[in-house]
Amino acid sequence: AQRGAALYRAAECLLATGKAEEARAKLIIFRDNGAFHNIPGVSDRAVLRLGHALAELKQWEPSRQTLETLIGRYGDGNAWAVDARYGMGWALQNQGRWDDAVNQYAQVAQKAADDRAGKAHLQIGLCRAAQKQWDNAGKAYATVYYGDYPPELRAAGLVEHARVLLEERKVADATRLLDRVPTDLPADSPWTAAARELRGRVGKQ
């Protein structure tokens with residue numbers, strides 16, 4: 001009776017230790033075997049984690065399809081549906097399917113009332129920047145740093161928006177944003193390092 005829960009927990013341990021392929025082998029039963037589709041509190045989460053394992057393996061389309069299966073099987077009101085849509089966006093983004101990725105991230109931003117919304121807006125900005133849609137990218141980043149999100153996330157929005165402004169040769173605007181990067185970030189924050197690197201570029205322009 002506990003086999004499903006045991007398989008799922010074993011897979012979580014494998015994911016935690018970086019063994020994504022072994023985790024995938026344990027989790028796939030929850031997607032493909034009907035006997036494992038409706039274990040309360042286990043099956044839906046296991047399908048989500050299968051999608052994550054496939055993403056770790058850079059199997060982007062299988063990851064997207066698996067996460068789509070979660071929503072199709074358990075519904076958009078499922079506790080993990082928002083996370084599944086974020087994962088679908090990530091898979092699509094890594095395939096260069098920018099508009100499709102933005103569509104998934106936009107649904108996350110609409111449905112989440114926590115940091116996942118801010119992360120989704122940040123990814124929308126990255127997708128639009130990849131398309132060189134600088135204005136749309138800037139609007140997405142501004143939503144992040146004007147939002148009520150943790151300092152690291154707001155710093156990411158500021159730095160990425162500054163990067164876009166430098167692409168547009170708007171040096172003064174980029175500098176103003178970099179000056180707003182929180183100073184209380186951890187010393188090893190990647191955003192502190194990124195802000196420092198961009199300030200160096202500003203000084204050369």
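The values are calculated or read from the model by the stated rules, or taken from the named source; none is laboratory data. Please read all numbers here as calculations on a predicted model, not as lab measurements. FYI the Cβ positions are ideal-geometry reconstructions off the backbone, even for glycines, and counts take in every protein chain you see. Side chains included, ligands, DNA and RNA excluded: accessible areas come from the protein's heavy atoms. Shrake-Rupley method; radii C 1.70, N 1.55, O 1.52, S 1.80 Å.
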Out of curiosity, is Ala162 without any contact (Cβ under 8 Å) to a residue 60 or more places away in the chain, open to solvent by less than 10 Å² (accessible area, probe 1.4 Å) and over 30 Å from Glu61 (Cα atoms)?
-> yes
Out of (1) over 25 Å from Ala106 (Cα atoms); (2) of a type in the set (Asp, Glu); (3) in a helix (DSSP H, G or I), the odd one out for Glu152 is which?
-> (1)
What single numbered condition from (1) within 15 Å of the chain's Cα centre (by Cα); (2) closer than 21 Å to Asp173 by Cα; (3) open to solvent by 20 Å² or more (accessible area, probe 1.4 Å) fails to hold for Pro151?
-> (1)
Taking only the stretch 28-56 into account, find how many residues are more than 18 Å from Tyr86 (Cβ to Cβ) and of a type in the set (A, V, I, L, M).
-> 5
